[in-house]
1. I'm checking my understanding of the structure. Among residues of the stretch 168-196 that are β-branched (Val, Ile, Thr) and over 18 Å from Val85 (Cβ atoms), which one is most open to solvent (accessible area, probe 1.4 Å)?
2. Suppose we filter Asn137, Asn178, Asn142 for residues that are in a loop (DSSP other than H, G, I, E, B) and under 14 Å from Pro42 (Cα atoms); which single one remains?
3. What do you reckon, is Val45 within 19 Å of Phe171 (Cα to Cα) and open to solvent by less than 30 Å² (accessible area, probe 1.4 Å)?
4. Quick check on my filter: what residues within the stretch 9-41 are of a type in the set (D, E, K, R), modelled with pLDDT under 95 and not in a loop (DSSP other than H, G, I, E, B)?
5. Inspect the stretch 150-167 for any residue being out of contact with any Ser or Thr (no Cβ under 9 Å at 6 or more places or on another chain), touching a residue at least 40 places away in the same chain (Cβ under 8 Å), closer than 20 Å to Val84 by Cα and open to solvent by 60 Å² or more (accessible area, probe 1.4 Å) and give the result as yes or no.
6. If only one of Arg74, Arg44 is of a type in the set (D, E, K, R), closer than 22 Å to His145 by Cβ and not in a loop (DSSP other than H, G, I, E, B), which one is it?
7. Check the stretch 116-134 and report whether any residue there is in contact with a Lys or Arg (Cβ under 8 Å, 6 or more places away or on another chain), surrounded by fewer than 21 Cβ atoms within 10 Å (Cβ to Cβ) and among the hydrophobic types (A, V, I, L, M, F, W, C).
8. Restricting the first residue to the stretch 92-104 and requiring it to be acidic (Asp, Glu), which pairs with a second residue that is in a helix (DSSP H, G or I) and open to solvent by 60 Å² or more (accessible area, probe 1.4 Å) meet a Cβ separation below 8 Å and a spacing of at least six or different chains?
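The values are calculated or read from the model by the stated rules, or taken from the named source; none is laboratory data. Since the model is a prediction, treat every value here as computed from it, not as a measurement. Cβ placement follows ideal geometry from the backbone for every residue including glycine, while neighbour counts extend to all protein chains displayed. Keep in mind that these areas ignore ligands, DNA and RNA; they rest on the heavy atoms of the full protein, side chains included. Shrake-Rupley method; radii C 1.70, N 1.55, O 1.52, S 1.80 Å.
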Amino acid sequence: TPLPPPTADIGATPRSDQQWYELYFTDPVHTADMKTPGGGIPDRVIASFDEAQKSIEVAVYEFDWEPLAEALVRAQERGVRVRVVTDSDSLSDEGIPLLKKAGIPVVADQRQAIMHDKFAIIDNSTVWTGSMNFTRNDAYRNNNHFMKIRSTQLAANYAAEFEEMFTRQEFGPRSTANTPHPQLTINGVKLENYFA
């Protein structure tokens, strides 16, 4: 079954039949040369972080966009459990030291191969996923997408993947194949969920 038409305009409000997902694309033609980038997908993700009540788990390859890190720090300061997984090569990116300074636990993959995930789980009910790292380049200079999906089953899939990395230090071929809902249905739309 094909997905209903996504919200194409970043400023548009999804119709009621689209409330379970929002799909966004970067616009590097108009944002690549901005002296002070802002807006777009990062603002949508920040708004989600600011609305979190219980938990935020982030797995992202690169993380240098400080406004996203600042939103995670704000969440932790109001009592939200925040945890992050990243690639060892990205530990010096500007966002990671800011998180560590605030006491947010950050786990790196500690291996030569790349931990290339890009997702966030909010309150075990919402997932952000796509091709965009949490970087200035990915948000404003490169072609990327990011999708927000509201589903506790999908969130459980991503949470299982996150726990493999964060708690058990399982990356790449050591990762347990334990996705709880590899096939699921959201609002009548059948989805399949895979982790490489």
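1. Within the stretch 168-196, the subset β-branched (Val, Ile, Thr) is 176, 179, 185-186, 189.
After this cut, where a residue has to be over 18 Å from Val85 (Cβ atoms) as well, the list is 185-186, 189.
On the way: Thr185: 78, Ile186: 12, Val189: 9 Å².
Filtering first and then ranking leaves Thr185.
2. Details: Asn137 fails: in a loop (DSSP other than H, G, I, E, B); Asn178 fails: under 14 Å from Pro42 (Cα atoms).
So the residue among Asn137, Asn178, Asn142 that is in a loop (DSSP other than H, G, I, E, B) and under 14 Å from Pro42 (Cα atoms) is Asn142.
3. Values: within 19 Å of Phe171 (Cα to Cα): no; open to solvent by less than 30 Å² (accessible area, probe 1.4 Å): yes.
Against the criterion (within 19 Å of Phe171 (Cα to Cα) and open to solvent by less than 30 Å² (accessible area, probe 1.4 Å)), Val45 does not qualify.
4. Within the stretch 9-41, Asp17 is the sole residue that qualifies.
5. Taking every residue of the stretch 150-167 in turn, none turns out to be out of contact with any Ser or Thr (no Cβ under 9 Å at 6 or more places or on another chain), touching a residue at least 40 places away in the same chain (Cβ under 8 Å), closer than 20 Å to Val84 by Cα and open to solvent by 60 Å² or more (accessible area, probe 1.4 Å).
6. Working: Arg74 fails: closer than 22 Å to His145 by Cβ.
Checking each option against the conditions leaves just Arg44.
7. Scanning the stretch 116-134 turns up no residue that is in contact with a Lys or Arg (Cβ under 8 Å, 6 or more places away or on another chain), surrounded by fewer than 21 Cβ atoms within 10 Å (Cβ to Cβ) and among the hydrophobic types (A, V, I, L, M, F, W, C).
8. Glu94/Glu66
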